[in-house]
Amino acid sequence: MKWLLRIAMVGIAVFALWRVWQWVFVTDEMRVRKQIAIMESAVEKGKLLQLADAVAADYSDDWGMDKSMLLGGVSSFRSQYDAIFIHLSDLTVTVDPDHQKAQAVFIAKVLAKAKGSFSESEVRSERFRLYFRKNDSTWELIRVESPELKFD
Amino acid sequence: MKRYAKRLLWLLAIGAAVFLVVKFIAVPRIVYGDSMSPTLKSWELCVMQRVRHYEPRRGDIVEFRTADEPPLYFVKRVIALPGETVAIEHGVFKINSVPLSEPYTTANPNWQMEPLLLHAGRVFVVGDNRDFDLEDYVKGPVATRLVKSRLAWHWRWKR
């Protein structure tokens, strides 16, 4: 009984320390970055349920898609290829002062291996702006924009 | 100890030399995508010569960036120069109404574009691969200040 109590005490202490660590060191910016990494991995691996968890019900984007269309589009895109590799670069995350909304801008380079092919080739390279909203302690994706390229 | 210090100095000197060459003279790049095929294919290694103030030359293969942040980089061929009018008729580029000879590619007869006058400081760029639809393609006028380098040499990994 004494050992059980000790284990419970240690568990509570570890949990409390973890919460303090989260509160002090894990910023909203880091959470948004982590959410982007989760979504990137979900698209690469075709894990639609994981992607659905990260996307808000009122999602919208520059291409006129809602949440279900986005998931359908990802599923259809993913099914065309044996493998997809997404490389993100120049990622900048900006959290609003009230810590309820955030924006992320990055360049995504998508490499894909077509079915039966031995090598992957670039499918697209595009700059994206993602908008997030805080929902309890998680950040959900509410909008995606692809800013027009400027050559002047 | 003195020998290690000497080696370290050599390594630093080589590192500094490489940094200066890449920063100001030439930079290696890997081509992604097939928009410049058949001249440049995906995964080919290129050496791009840095340009500070690009002097436009028709036929140059150049690397340029977009004008906003973070920038995207593209490699395309310069087709028309500042002050020229460029048009596409059944896939054939016309510069000041004269058809342009393009031995490096095969024209796509579906490509059409109204005449476009290029203002000073702008060049018209396009990829060598004309198999795509014109709308799905990065092409058009680009400010010469956005041109960062010019193709100096390339090597094909796969034959």
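Would a scan of region B:43-53 turn up a residue that is under 26 Å from A:Leu88 (Cβ atoms), within 14 Å of chain A (Cβ to nearest Cβ) and out of contact with any Asp or Glu (no Cβ under 7 Å at 6 or more places or on another chain)?
The answer is yes; a qualifying residue exists.
Consider B:Arg29 against the criteria (1) exposed (fewer than 12 other Cβ atoms within 10 Å of the Cβ); (2) within 14 Å of chain A (Cβ to nearest Cβ); (3) not in a loop (DSSP other than H, G, I, E, B); (4) not β-branched (Val, Ile, Thr): it satisfies all of them except one. Which criterion is unmet?
Of everything listed in (1) exposed (fewer than 12 other Cβ atoms within 10 Å of the Cβ); (2) within 14 Å of chain A (Cβ to nearest Cβ); (3) not in a loop (DSSP other than H, G, I, E, B); (4) not β-branched (Val, Ile, Thr), B:Arg29 misses just condition (1).
Would you check which residues across region B:57-72 are within 14 Å of another protein chain (Cβ to nearest Cβ), touching a residue at least 24 places away in the same chain (Cβ under 8 Å) and not in a strand (DSSP E or B) and list them?
Hits for region B:57-72 are B:Thr66, B:Ala67.
Which one of these is more than 25 Å from A:Lys150 (Cβ to Cβ), in contact (Cβ under 8 Å) with a residue 60 or more places away in the chain and assigned to a strand (DSSP E or B): B:Val47, B:Val75?
Exactly one of B:Val47, B:Val75 is more than 25 Å from A:Lys150 (Cβ to Cβ), in contact (Cβ under 8 Å) with a residue 60 or more places away in the chain and assigned to a strand (DSSP E or B), namely B:Val47.
Of the conditions (1) more than 17 Å from the chain's Cα centre (by Cα); (2) open to solvent by 80 Å² or more (accessible area, probe 1.4 Å), A:Asp62 satisfies every one except a single condition; which number is it?
(2)
Can you list the strands (runs of 3 or more DSSP E) lying wholly within region B:90-143 that have 2 or more residues being within 12 Å of chain A (Cβ to nearest Cβ) and surrounded by 12 or more Cβ atoms within 10 Å (Cβ to Cβ)?
Qualifying strands (runs of 3 or more DSSP E): B:122-126, B:140-143.
Would you check if B:Ala87 is small (Gly, Ala, Ser) and assigned to a strand (DSSP E or B)?
Judged against the criteria, B:Ala87 is a match.
Take region A:129-152 and flag every residue that is at pLDDT 90 or above and within 14 Å of another protein chain (Cβ to nearest Cβ). Full working, then the answer.
Initial filter on region A:129-152 (at pLDDT 90 or above): A:129-134, A:139-145.
Result: A:Arg129, A:Leu130, A:Glu145.
Consider A:Gln80 against the criteria (1) touching a residue at least 12 places away in the same chain (Cβ under 8 Å); (2) within 15 Å of the chain's Cα centre (by Cα); (3) open to solvent by 40 Å² or more (accessible area, probe 1.4 Å): it satisfies all of them except one. Which criterion is unmet?
Condition not satisfied by A:Gln80: (2).
If we scan region A:34-46, do we find a residue that is more than 24 Å from A:Pro97 (Cα to Cα) and open to solvent by 100 Å² or more (accessible area, probe 1.4 Å)?
yes
The values are calculated or read from the model by the stated rules, or taken from the named source; none is laboratory data. Keep in mind the model is a prediction, meaning the values are calculated, not measured. Neighbour counts run over all protein chains shown; Cβ positions are idealised from the backbone, glycine included. What goes into the accessible areas is simple: the full protein's heavy atoms, side chains included, and nothing from ligands, DNA or RNA. Shrake-Rupley method; radii C 1.70, N 1.55, O 1.52, S 1.80 Å.
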